[in-house]
């Protein structure tokens, strides 16, 4: 990134210039590929009369139920061909919105169970995904993650995740969904296989559970990065552990607020984490539900008065690969 980008970023924040912000390269490294699009545009394109989601989810299971509705609406028990087309449509919505918002680097998370919707035809799935991402290559650098839905049966997880790891298409491994199900120890062998394959290692941790769960996840799975990790802010020893080991937290402020884990942008623990030397990024998670683009996430955090534009520019730069 060059100094002009940083100057424009600072100016955009200070003046509230949304259009200028869209010209500044940004990264989104915590983005679930099937849930990263604009809700209204996607629903209109697909011809759906799908009610807009609520803005807060005190019960995490309500959030998961809404996600399942988006994946299947308006069909009941759709077959694999329907589901694969639905996901490709959602992925397109994600990439279109990212490019329009000024994202130039994205690490979209795919769910390994997508392979089931392709009838376990790995070659066809990867061909579709590669052809799709190639269409955006002039606007986006796409480095896809593959994710484990931790609430699934372990036999089903292993049946789909190992072919994805071996495919060479995916840049990183993640485990997500309600972290109160599926402890990190359950996935140790899978993460070792991903590490051997040269993949970056991520995991959702500290979104719903305590700080020690963040440390345990990092240690057990040998993580490079943590998705969310906000609970770490309650424990100086855990923050010191993250800082000392260079573990980055990929934060999603709007998601944390709307899932009722944080009260407001002003009380979001990003400030505490930064003050303790923890490297962080700002990301979107599930825009189709939470409704906040990357550019707005930065404006939201700047609006708290807790960060200088230069500090947020450093957070912006944190999202890009070092090389």
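Every read-out reported here was derived from the displayed coordinates using simple, explicitly stated rules and does not represent laboratory data. From a predicted model like this one, the values you see are computed outputs, not experimental measurements. Cβ: placed from backbone, ideal geometry, glycine included. Neighbour counts: every protein chain shown.
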Using the C-alpha atoms of the chain, what convex hull volume per residue, in cubic angstrom, is computed? 127
Return the calculated 222 nm mean residue ellipticity for the chain, to the nearest 500 deg cm²/dmol, obtained by summing -39500 (n - 2.57) across DSSP H runs with n ≥ 4 and dividing by the residue count. -14000 deg cm²/dmol
Anisotropy class of segment 97-181 from Cα gyration tensor, a/c 1.5 cut: oblate
At q = 0.10, 0.12, 0.15 Å⁻¹, what log₁₀ I(q)/I(0) does a Debye calculation on the Cα points of segment 12-166 give, no solvent, two decimals? -0.40, -0.58, -0.90
Would you mind giving the average projected area, over all directions, of the Cα convex hull of segment 239-303 in nm² with one decimal? 4.2
Interatomic Cα distance distribution for segment 158-216, bins of 10 angstrom, percent: 22, 52, 24, 2
Gain in span if fully extended, residue 166 to residue 7, counting 0.36 nm per residue against the direct Cα distance: 53.0 nm
Please work out the ratio of the alpha-carbon Rg of segment 1-67 to 2.2 N^0.38 Å and round it to two decimals. 1.57
State, as an integer percentage, the relative contact order of the chain based on alpha-carbon contacts under 8 Å between residues 6 or more apart. 21
For segment 206-252, just run the numbers: alpha carbon Rg, then divide by 2.2 N^0.38 Å, N being how many residues it has. 0.95
Taking a ≥ b ≥ c as the square roots of the Cα gyration tensor eigenvalues, with a/c under 1.5 meaning rounded and otherwise prolate when a/b beats b/c, else oblate, which class fits segment 196-323? rounded
Between segment 40-60 and segment 286-315, what's the alpha-carbon centroid distance in Å? 22
Once residue 41 and residue 310 are pulled to full extension, the length gained, defined as 0.36 nm per residue separation minus their Cα-Cα distance, is 93.5 nm
Which ordering of 204, 40, 117, 30 is given by a fewest-first count of other beta-carbon atoms within 10 Å? 40, 117, 204, 30
Two-site label geometry, residue 48 and residue 132: point separation in nm, points 7 Å out along Cα→Cβ: 1.3
Counting other C-beta atoms within 10 Å, which of 260, 152 has the fewest, and how do the rest follow? 260, 152
For segment 151-268, what's the radius of gyration and Dmax over Cα atoms, in angstrom? 14.5, 43
Could you list 133, 23 so that the one with the fewest beta carbons within 10 Å of its beta carbon is first and the one with the most is last? 23, 133
